[in-house]
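Notes follow once the structure below has been shown.
All of the numbers you see were taken from the coordinates with simple rules; none came from a lab. In this text, all values refer to a predicted model and were calculated from it rather than measured experimentally. So basically every Cβ, Gly included, is an ideal-geometry build from the backbone, and we count neighbours across all protein chains shown.
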Amino acid sequence: MSRIVDKPYFTYSAYNALTSGIQVKCPKCHGTGMVTADDDNAYFRCLSCGHQETRDRTIYRYDVHNQCKNCGRYFVVTGNITQDYCTRLMEGSEKTCRQSGSVVQYQSRQMKNPATREFTRSYKAHNARVRYGTMSKAEFTAWSKTARAKRADCVAGKLSLGDFVAWLDSDKQR
């Protein structure tokens, strides 16, 4: 029995594989084929049926589909080919992009609406009053219900943004 010897570093680099050839499946006969490349083109030749193709490499050079929509980093797709988020931890969180990336994207889209942004600011201030004991939970619930209705009216165009912001700031504590 002989010991396995590892190949030297860069033996299987992308450059080495493209210049020496990569074994792939033929799209016509499903036999073994080889892909080789130079600076401009990629060449395919089937070893079974003789099918040949030439394609321009610049078309495929920057066509990457596995970029995380949350952090923007590239990742390896495993299993489901339509994954949008990677499995890396988000900065400042213990959750991965896949666990909370869609929520973050939704919130950032919502914050582009000025009525929603003002509502969220005021909601957080009122919620802090409940936590500090200056407002009761029942008062907060009633205010929240009214504020949500007014926000919906503002988004629909029935109430101007200025009037909505003035109403939100009317009970502001100084």
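If I stretch the segment between THR36 and ARG55 completely, what's the gain in nm (0.36 nm per residue apart, minus their alpha carbon distance), one decimal?
5.8 nm
By how many nm would the segment from GLU91 to LYS69 lengthen if fully extended, with 0.36 nm per residue of separation less the alpha-carbon distance?
Separation in residues times 0.36 nm, less the Cα-Cα distance, equals 6.5 nm.
Treat each spin label as a single point 7 Å out from the Cα along the C-beta direction, and report the GLN105 to TYR43 distance in nm.
4.1
Calculate, in nm to one decimal, what ALA142 and LYS112 gain on full extension: separation in residues at 0.36 nm each, minus their alpha carbon distance.
That pair, ALA142 and LYS112, stretches by 8.2 nm at full extension.
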